[in-house]
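Okay, so here's the structure we're looking at.
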Amino acid sequence: MAVLGFSSSSCRSVAVVGAVLVLVMVLNGADLCNGGKTSSFVRKVEKTMDMPLDSDVFRVPPGYNAPQQVHITQGDHVGKGVTVSWVTQDERGSSVVRYWSENSEHKKEAKGNVHRYRFYNYTSGYIHHCTLRNLMYNTKYYYEVGIEHTVRQFWFMTPLEVGPDVPYTFGLIGDLGQSFDSNLTLTHYEHNPLKGQTVLFVGDLSYADQYPNHDNARWDSWGRFVERSVAYQPWIWTAGNHEIDFAPELGENEPFKPFTHRYLVPYRASNSTAPFWYSIKRASVYIIVLSSYSAYGKYTPQYKWLEQELPKVNRTETPWLIVMMHSPWYNSYNYHYMEGETMRVMFEPWFVKYKVDVVFSGHVHAYERSERVSNVAYNIINGLCAPIQDQSAPVYITIGDGGNLEGLATNMTEPQPKYSAYREASFGHAVFDIKNRTHAYYSWHRNQDGYAVEADSMWFFNRIWHPVDDSTSA
Ligand SMILES: *[C@@H]1O[C@H](CO)[C@@H](O)[C@H](O)[C@H]1NC(C)=O
Ligand SMILES: *[C@@H]1O[C@H](CO)[C@@H](O)[C@H](O)[C@H]1NC(C)=O
Ligand SMILES: *[C@@H]1O[C@H](CO)[C@@H](O)[C@H](O)[C@H]1NC(C)=O
Ligand SMILES: *[C@@H]1O[C@H](CO)[C@@H](O)[C@H](O)[C@H]1NC(C)=O
Ligand SMILES: *[C@@H]1O[C@H](CO)[C@@H](O)[C@H](O)[C@H]1NC(C)=O
Ligand SMILES: *[C@@H]1O[C@H](CO)[C@@H](O)[C@H](O)[C@H]1NC(C)=O
Ligand SMILES: [Fe+2]
């Protein structure tokens with residue numbers, strides 16, 4: 001019981017009472033150790049199937065050498081840069097992006113670069129990346145790609161200048177894939193009346209690696225599928241296990257090859273040495289992205305980077321501190337159980353010390369939200385190895401329920417551990433809606449409901465700026 005228990009001391013007292021009492025206490029203990037809510041909503045279990053390649057969402061845009069798979073992400077550390085990426089198939093074409101602000105006649109041009117890569121017997125199209133820099137804050141920009149051949153036009157909004165009271169709305173999507181359910185998740189995100197302005201994507205994009213030879217044509221189809229959102233608002237990328245594409249049996253020994261060729265992140269702007277861990281500031285938030293699949297032990301590059309990064313976060317400037325990583329630390333499903341444990345052991349004391357507000361993860365194909373808990377007291381001999389309630393600790397949210405072909409995680413550990421506030425095996429997405437330096441509203445939306453329905457929600461009160469502890473409410 002103590003292992004599952006919220007407070008290990010109350011569970012441990014079981015051991016000192018008599019045999020009959022033990023039974024009674026164990027029964028009580030089951031209560032004591034029970035956690036929050038396991039939703040009674042039972043999703044109809046159907047097979048999660050990928051959309052066939054001739055589906056409408058995968059259509060190649062018409063026109064000679066038309067740019068496809070257009071996507072944007074933040075291109076600098078503070079939100080004045082946007083990286084635009086796209087693919088041309090017929091020939092190399094131009095890597096120029098033409099762009100202008102809504103109220104300006106003056107069109108500017110920026111020149112990017114282009115490359116291709118091979119994966120086993122697949123050769124990619126021409127992948128273009130171009131970073132637009134020194135944009136104005138809080139401004140709508142139009143942009144065009146495909147210059148010289150078939151021109152396609154898109155637009156995006158830059159955020160307000162970084163500052164403590166800047167409101168901002170993030171969408172949260174993970175483990176999306178390209179199934180019919182993935183399409184429902186994206187549709188629900190697009191129609192959510194809480195309009196997300198940027199997606200925090202917690203890893204596992206295309207699931208191309210589930211196809212024979214990691215068929216990279218499924219990276220292309222995924223790029224065309226999500227274009228309808230990511231060409232208009234940045235998605236912030238986290239590397240998941242389905243980005244590794246390590247396939248020595250195919251002669252492919254370079255981990256993350258398709259992912260890093262297709263999806264740029266502004267890692268150099270935060271002095272990171274690899275595109276798997278980095279940080280950005282956006283509006284009133286400092287976002288740290290970590291890699292569950294890169295070394296994080298002591299003395300490793302990721303460890304040293306994070307050690308230097310956390311003290312740099314100025315909560316007067318960015319009151320909100322969000323961490324993204326693929327593999328969850330607090331997960332009470334019987335899938336990927338404790339896969340996040342070694343990273344938790346390394347980094348959790350820092351998250352408590354620096355009062356991280358919330359950690360978003362994916363990997364487990366279901367939804368779960370934790371209480372504010374920590375488990376940092378253990379030192380090999382003291383036996384203090386159970387999570388305790390801790391107002392300095394983050395809330396941990398697993399949002400790996402984007403709907404990929406592997407299907408839902410439905411098997412949960414029983415009883416529900418006390419640290420687990422809410423869990424449900426349904427596909428969906430979430431929204432983190434920052435109001436000002438003290439308040440943020442979080443909600444989770446399952447695909448079976450109407451667009452506005454919140455299946456789980458919580459007010460976040462900023463612990464640097466708010467005198468009151470937040471108690472979770474579902
Ligand atoms: C790659 O090889 C597989 C069999 O190993 C074959 O089915 C497929 O058609 C080949 N693809 C290309 C683009 O040559
Ligand atoms: C995907 O969703 C879009 C928007 O809701 C819809 O128009 C489209 O037909 C769907 N495609 C498939 C293959 O389900
Ligand atoms: C990166 O390092 C340079 C040189 O030490 C420093 O000037 C800059 O502020 C650092 N950037 C960030 C985002 O930490
Ligand atoms: C933190 O940010 C505030 C507001 O931008 C600024 O006034 C202050 O100088 C910064 N503190 C440090 C240590 O940089
Ligand atoms: C759920 O997971 C547990 C632990 O791995 C396993 O023993 C049990 O058989 C699973 N139940 C189902 C219905 O798959
Ligand atoms: C911050 O936002 C909350 C929720 O919208 C609101 O109640 C509160 O008054 C706001 N605080 C300030 C200082 O505007
Ligand atoms: Fe995963």
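The values are calculated or read from the model by the stated rules, or taken from the named source; none is laboratory data. All of these numbers come straight from a predicted model, not from anything done at the bench. Here Cβ is always computed from backbone atoms with ideal geometry, including for glycine, and neighbour counts include all displayed protein chains. All accessible areas refer to the heavy atoms of the entire protein, side chains included, with ligands and DNA or RNA removed. Shrake-Rupley method; radii C 1.70, N 1.55, O 1.52, S 1.80 Å.
You will find that of Y143, Y137, Y168, Y120, the residue that is modelled with pLDDT of 95 or more and under 17 Å from T88 (Cα atoms) is Y143 and no other.
Looking only at region 450-464, filter to residues that are of a type outside the set (K, R), in contact (Cβ under 8 Å) with a residue 60 or more places away in the chain and away from ligand 4 (no atom under 16 Å from the Cβ); which one of those is most open to solvent (accessible area, probe 1.4 Å)? I'd like the intermediate steps shown before the answer.
Within region 450-464, the first condition is being of a type outside the set (K, R), and the residues that meet it are 450-462, 464.
After this cut, where a residue has to be in contact (Cβ under 8 Å) with a residue 60 or more places away in the chain as well, the list is 451-452, 455-456, 458, 460, 462, 464.
When the remaining residues are screened for being away from ligand 4 (no atom under 16 Å from the Cβ), the result is 451-452, 455-456, 458, 460.
Working: Y451: 93, A452: 66, A455: 22, D456: 2, M458: 2, F460: 0 Å².
Only one residue fits best here, namely Y451.
Just checking, does region 385-397 include any residue being of a type in the set (V, I, T) and open to solvent by less than 10 Å² (accessible area, probe 1.4 Å)? Yes, region 385-397 has at least one match. D245 falls short on exactly one of the conditions (1) out of contact with any helix residue (DSSP H, G or I) (no Cβ under 6 Å at 6 or more places or on another chain); (2) more than 16 Å from ligand 6 (Cβ to nearest atom); (3) outside any helix (DSSP H, G or I), and that condition is (1).
Only one of the numbered conditions (1) in contact (Cβ under 8 Å) with a residue 40 or more places away in the chain; (2) more than 17 Å from D433 (Cα to Cα) is violated by Q153, and that is (1).
Taking region 145-230 and the strands (runs of 3 or more DSSP E) fully enclosed by it, the elements with 3 or more residues that are away from ligand 6 (no atom under 16 Å from the Cβ) and surrounded by fewer than 23 Cβ atoms within 10 Å (Cβ to Cβ) are at 152-157.
From the set of residues in region 327-345 that are open to solvent by 60 Å² or more (accessible area, probe 1.4 Å) and in a helix (DSSP H, G or I), which is farthest from ligand 7 (Cβ to nearest atom)? Walk me through it before giving the result.
Just the residues of region 327-345 that are open to solvent by 60 Å² or more (accessible area, probe 1.4 Å), to begin with: 334-339, 342, 345.
Filter again for in a helix (DSSP H, G or I), leaving 342, 345.
Values: T342: 16, V345: 20 Å.
Once the filter is applied, the top-ranked residue is V345.
In region 109-125, which residue that is open to solvent by 100 Å² or more (accessible area, probe 1.4 Å) and in contact with a strand residue (DSSP E or B) (Cβ under 7 Å, 6 or more places away or on another chain) is farthest from ligand 5 (Cβ to nearest atom)? Out of the qualifying residues, it is E109.
Could you please let me know if A283 is away from ligand 7 (no atom under 16 Å from the Cβ) and under 20 Å from the mean Cα position of the chain (by Cα)?
Working: away from ligand 7 (no atom under 16 Å from the Cβ): yes; under 20 Å from the mean Cα position of the chain (by Cα): yes.
Taking the combined requirement at face value, the residue satisfies it.
Residues are listed down the side, and each one gets a yes or a no for (1) touching a residue at least 24 places away in the same chain (Cβ under 8 Å); (2) open to solvent by less than 10 Å² (accessible area, probe 1.4 Å); (3) over 24 Å from V230 (Cα atoms); (4) in contact with a Lys or Arg (Cβ under 6 Å, 6 or more places away or on another chain):
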| site | (1), (2), (3), (4) |
| --- | --- |
| E252 | yes, no, yes, no |
| K257 | yes, no, no, no |
| W277 | yes, no, no, no |
| S284 | yes, yes, no, no |
| S291 | yes, yes, no, no |
| K298 | yes, no, yes, no |
| Y303 | yes, no, yes, no |
| M325 | yes, yes, no, no |
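Using the structure shown, decide if V226 is touching a helix residue (DSSP H, G or I) at 6+ places or on another chain (Cβ under 8 Å), touching a residue at least 24 places away in the same chain (Cβ under 8 Å) and of a type outside the set (K, R).
Values: touching a helix residue (DSSP H, G or I) at 6+ places or on another chain (Cβ under 8 Å): yes; touching a residue at least 24 places away in the same chain (Cβ under 8 Å): yes; of a type outside the set (K, R): yes.
Yes.
Going by the structure shown, is P311 assigned to a helix (DSSP H, G or I) and either of a type outside the set (A, V, I, L, M) or more than 16 Å from ligand 2 (Cβ to nearest atom) (or both)? Explain how you work it out, then say what you get.
Details: assigned to a helix (DSSP H, G or I): yes; either of a type outside the set (A, V, I, L, M) or more than 16 Å from ligand 2 (Cβ to nearest atom) (or both): yes.
It is true that P311 is assigned to a helix (DSSP H, G or I) and either of a type outside the set (A, V, I, L, M) or more than 16 Å from ligand 2 (Cβ to nearest atom) (or both).
Out of A231, A274, A239, one residue alone is touching a strand residue (DSSP E or B) at 6+ places or on another chain (Cβ under 8 Å) and more than 20 Å from Y120 (Cα to Cα). It is A231.
Matching residues to (1) surrounded by 18 or more Cβ atoms within 10 Å (Cβ to Cβ); (2) at pLDDT 95 or above; (3) within 18 Å of the chain's Cα centre (by Cα); (4) not hydroxyl-bearing (S, T, Y):
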| position | (1), (2), (3), (4) |
| --- | --- |
| A430 | yes, yes, yes, yes |
| K435 | no, yes, no, yes |
| H466 | no, no, no, yes |
| A474 | no, no, no, yes |
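Among the residues making up region 248-276, those that are within 16 Å of ligand 3 (Cβ to nearest atom) and assigned to a loop (DSSP other than H, G, I, E, B) are V265, P266, N271, S272, T273, A274, P275.
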